[in-house]
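Down below is the structure, laid out as structure tokens.
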Amino acid sequence: MSANGKSGRLGRTLLWLIPLAFLAAFFFLPLGKILATAARSALENELGLSSFKQALSPLWFTTWQAALSTVLTLLLGLPSAYLYSHYRFRGKRLMRTLTTLPFILPTVVAVAGFTALLGPRGLLNLGLMKLFGLDQPPIMFMNTLWGILLVHVFYNTTIVLRVVGSAWSQLDPRWEQTARMLGASKRQALREVTLPLLRPSILAATLLVFLFDFTSFGVILMVGGPYFSTLEVAIYQQTMSLFNLPLAGILAVVQLLCTFVITWIYSKINGIRRVPLMPRLEGEILRQARSLKEKVALCGMNSLLALLLVAPMLALVLRSFLRLAADQGNRGSFTPGFTLQYYTQLFVNSNQSIFYVPPVSAALNSLLFALLTVVFSLVLGTLTVYAIFHNQRSQRWLDVLITLPLGASAVTLGLGFVITFNRAPLNVRHFPLLIPIAHALVATPFVVRSLQPALNSIPTSLRQAASVLGASPVNVWRKVDRPLLRRPMLVAAIFAFTISLGEFGATSFLARPETPTLPVAIYRYISMPGELNYGQALAMSTLLLVLCGLSIYLLEKLQPEGMNEI
Amino acid sequence: MKNKLILIFIVVSFALASCQAKSIPTDEPVTLTVMTHDSFAASADVIAAFEQANNVKLVFLKSGDAGAALNRAILSKGSPQADVLYGVDNTLLSRALDEGIYESYESPLLAKIPTEFKMDASNSALPVDYGDVCINYDKAFFAAHNLAIPQTLTDLTEPKYKGLLVVENPTNSSTGLAFLFATIAEYGAEGYIAYWQQLKENGLVIVNDWNTAYYTNFSASSGHGPQPMALSYASSPPVEVIYAATPLDDAPTASLVGKNMCFRQIEFVGILKGTQHRELAEKFVDFMLSVQFQEDMPLQMFMYPVNPDASLPDVFIKYTQTPDHPATLDPAVIAANRDQWLNDWTEAILH
């Protein structure tokens, strides 16, 4: 590697310079500007210490609900990741696509799905009320803590399933076999061999899930109700309704600092050891479930996943085809009827509004932004992992920095974008690329987290062998790294894609009426009264689900033969 | 893989090219940018007529709810991102005026508009429309249970209405805030907390946003929730009729319009200080106050026109009740006390 000195050094500098420049321009600059504005107005108006204390009170709840949500998500995700990386079964690909879909759902829509299932007049409550002749719905879901936890698990299980599952399927089975042969029990082998080898991926997934739960906003607001508040909710309230920008700024900094500390700790724990693993044939460890125990485990886990992740979406889709005519004055009984009206109505601009969104063009806008997000974040993420790989010690901070956008308050960053990109050529009004750029800020940490464990486990001997045999550095990358990174790359692409497709926070700040996305259109319908508007919001959400499902299916299809199975 | 990359590259460059192409104007009409809240809407032909008559291209910059749009305007004060700001209402007016984001403009059409709507003597903010935030009720439920319709705010604390009302959190939602102001108008700054405590004891349900209140909790919406009374707008009943899946011969809901039960929101438009297109901006303000726009508005934004010459659509007249004594508060009083009221309310009711 030292043979091509100067150009190699330049190349390596570019590796970290490009992601850093991107972060500086699109993250630190807007964030700095808005925080500076907040600081200026803090100096002008004296900031009461009491209001600061009061505003900081959500910190404790924010932390423990995130920790609890993460534990629950791991409890569901890890066993699923094991089963999905070790067994072949019918409908596996469908289930894997379906379990990814929650990730794209805008909160309003996810809540609509959960309400259709568990709400005061959801299927479950109606059934129980009828069965036992109850007057009141027995299951309370809205405005409860377990509602929050449930929806967090719904959203984030796919992170564990994909990130850990991908690593597990590439794990060399001979390590575990050796341990077993040397007399270790199954449990011992798992504890002493497999889990330590999987640790980087498990840690990465845990970090991502925790940060998502830590900065949770929509779920807390809608499912938790007014009695629960996280930092992000407090930031929103201080900014939008109390106009206390200084306080909002301080809270945003606190949230960012927490993210920094958490990511730093993660990076410390994670980065100490690097275990090279000989790459294995994809699908080598896959087999059919044979024993009854295995079959029961598979069946049980899939039912659980279907119940927690798929059922709410199914309820949503079902509801988009159903009219519920309430029986006169009776709050608990309805006559359902099949209808396609919500869908046909989507294509009609019934009141000649200038803001009418044709579903096809909203879908195309969404797809275009999502594809751009995939490109941006894959490039940035790949550069970042290689920069860290080549200079572990001094560039660990890049790892931390690139993760920070996950912990940035969306409200604060959105306002930052608005006041920073105010002039040509980077004007919020005329530069539509700001939307995929904002999405890429959130997606890149996912790319890094999926690629890093895989890259670190590639044995150096493979690259050395290639070099010795005369391969140029570019060829070494093409022949050694690239094939081995293909699967984590795919996982990363799917995350980037879904993040962009469902994202609403930044889009609502940056969207222009000419290029509305599907989530923007959904919000437009659901913020008006009227059965048709509600129905159309559900129909549009179903379209979003189908669009995303198809895209994931196609993305996975892009893999070469033989890799499709995992 | 290489082919894929090339494909992606083509897609991206095509996308970039199409974005570029869009921003290059062909016959050079001047662009006038209007910042609004998300609920702004208008008919395509009404907007097109204005654009043609003035050789202008209107760009609407939707910026969240009214508070978010105002925040954005204040933060970009000096180098405004738009020429006109529409959507600041009487609960936010003082803040907008104090920050000095507007240029004053005495539109000739102001002469027609009743004085009760003109809240800014300097004419920096000109009234465009108004609407009442009211509690909607499920007509079928009240009929089936032979329940009397509540006539006053105090009625709502009676045991027979226990657990039947859902409202929005005033710290998160503009409708919730409007209702908080209505209770302050009725009971005063000293009495409103006690009233809310009584409501709470009577099983009041509080949720964070209008969506949840209307679609999850309200029994007369298509969400079929458990509460037959929900805080929404006086114009929601006609909207239920207009957007019904099957034609309705009557609205499923109606509003409680007793004294001080509804809060009247008035929405304003103003020219942003520092605009490069002052003359066009004036024309647009005139346009918003003209009969053409004012008659288009009710069915687009579900608000009432302030111009008395504008006639209302039949469905509005038929299904909207107009409160005789809507609650109002002086915008200056709101601006001075808003934070304190909200903090006190949060302390007493939520904690």
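The values are calculated or read from the model by the stated rules, or taken from the named source; none is laboratory data. Just so we're clear, the structure is a prediction, and the values are computed from it rather than from any experiment. Because the Cβ atoms are built from the backbone with ideal geometry, glycine has one as well, and the counts that use them run over all protein chains shown. Only protein heavy atoms, including side chains, enter the accessible area calculation; ligands, DNA and RNA are left aside. Shrake-Rupley method; radii C 1.70, N 1.55, O 1.52, S 1.80 Å.
Solvent-accessible area per residue in chain A equals 41 Å², computed with a 1.4 angstrom probe and all protein chains kept. Here's how it looks for B:Val30: its modeled amide H is under 5 Å from those of B:Lys57, which are all 5 or more places away or on a different chain. For chain A, leaving out every one of the trypsin sites (Lys or Arg not before Pro) that falls in a DSSP loop and has at most 11 other Cβ atoms within 10 Å, the longest unbroken run is A:91-272.
Along its principal axes, the range A:54-122 has C-alpha extents of 53, 30, 20 angstrom, given from the largest down. Backbone geometry of the range A:100-105 corresponds, through the Karplus equation with coefficients 6.51, -1.76 and 1.60 at θ = phi - 60°, to 3J(HN,Hα) couplings of 7, 4, x, 4, 8, 6 Hz, x marking Gly and Pro.
In plain terms, if you count all Cα to Cα distances in the range A:163-321 and split them into 10 Å steps from zero, the share in each step is 8, 21, 26, 23, 15, 6, 1 percent. Summarise the accessible area of the range B:197-280 (1.4 Å probe, protein heavy atoms) by the percent that is carbon and sulfur. Taking all protein chains in place, the range B:197-280 shows 49 percent carbon and sulfur surface.
Remark: the A:Ser467-A:Leu10 segment gains 162.5 nm on full extension, using 0.36 nm per residue and subtracting the alpha carbon distance. Whole-Hz Karplus values for the range B:318-325 come out as 6, 10, 9, 9, 9, x, 6, 10 Hz, taken residue by residue from phi with 6.51 cos²θ - 1.76 cosθ + 1.60 and θ = phi - 60°; glycine and proline positions read x. Amide H contacts of B:Ser232: B:Cys134, B:Ile135, B:Asn136, each under 5 Å away and 5 or more positions distant or on a separate chain (H built 1.01 Å from N in the peptide plane; Pro and chain starts excluded). Association of chains A and B removes close to 6200 square angstrom of accessible area from solvent, both sides included, for a probe radius of 1.4 Å.
In this simple spin-label approximation, B:Val30 and B:Ser79 carry label points 7 Å from Cα along the Cα→Cβ vector, and these lie 2.1 nm apart. Expressed as a whole percent, the accessible surface of chain A that belongs to carbon and sulfur atoms is 68, based on a 1.4 Å probe. Under the combined filter of DSSP loop state and at most 14 neighbouring Cβ atoms within 10 Å, the range B:118-205 retains these trypsin sites (Lys or Arg not before Pro): B:Lys162.
Annotation: Cα Rg of the range B:47-187 relative to the compact-globule expectation 2.2 N^0.38 Å equals 1.39. When Rg and the Kirkwood Rh are both derived from Cα coordinates, the Rg/Rh ratio for the protein assembly as shown amounts to 0.98. According to the Kirkwood relation over distinct C-alpha pairs, the hydrodynamic radius of the range A:437-497 is 12.6 Å.
Counting GluC sites (Glu not before Pro) as exposed when in a DSSP loop with at most 14 other beta carbons within 10 Å, what is the longest stretch of chain A free of them? Looking at chain A, A:47-283 is the longest stretch - no exposed GluC sites (Glu not before Pro) with at most 14 other Cβ atoms within 10 Å.
Residues of the range A:230-270 with amide nitrogen under 13 Å from the 7 Å Cα-to-Cβ point of A:Ala67? None, by backbone N distance to the label point.
A Förster distance of 35 Å, applied to the separation of the beta-carbon atoms of B:Asp250 and A:Leu145, puts the FRET efficiency at 0.25.
Taking a Cβ cut-off of under 14 Å around B:Asn211, the surrounding Lys, Arg, Asp and Glu residues balance to a net charge of -3, with basic ones at +1 and acidic ones at -1.
The A:Lys186 and A:Ile265 beta-carbon pair, evaluated with R₀ = 41 Å, returns a calculated FRET efficiency of approximately 0.85. Summed over the residues of the range B:117-271 and divided among them, the accessible surface reaches 28 Å² per residue at a probe radius of 1.4 Å. Couplings for the range B:113-127, taken from phi via the Karplus curve 6.51 cos²θ - 1.76 cosθ + 1.60 with θ = phi - 60°, read 7, x, 5, 4, 8, 7, 9, 10, 5, 7, 6, 7, 10, 9, x Hz in order; Gly and Pro are left as x. Which value, in debye to the nearest 20, gives the size of the charge dipole of the protein assembly as shown about its Cα centre, when Lys and Arg are +1 and Asp and Glu are -1 at the Cβ? Charge dipole, the protein assembly as shown, about its Cα centre: 6020 debye, nearest 20. A straight chain from B:Lys160 to B:Lys259 at 0.36 nm per residue would run longer than the Cα-Cα distance by 33.6 nm. Are there residues in the range B:45-63 whose accessible area shrinks by at least 50 Å² when all protein chains are included rather than the chain by itself, and which are they (probe 1.4 Å, ligands and nucleic acids not counted)? Buried by 50 Å² or more upon assembly, which counts only protein chains, are B:Phe60, B:Lys62. For chain B, the average shadow cast by the Cα convex hull is 22.4 nm², which is a quarter of the hull's surface.
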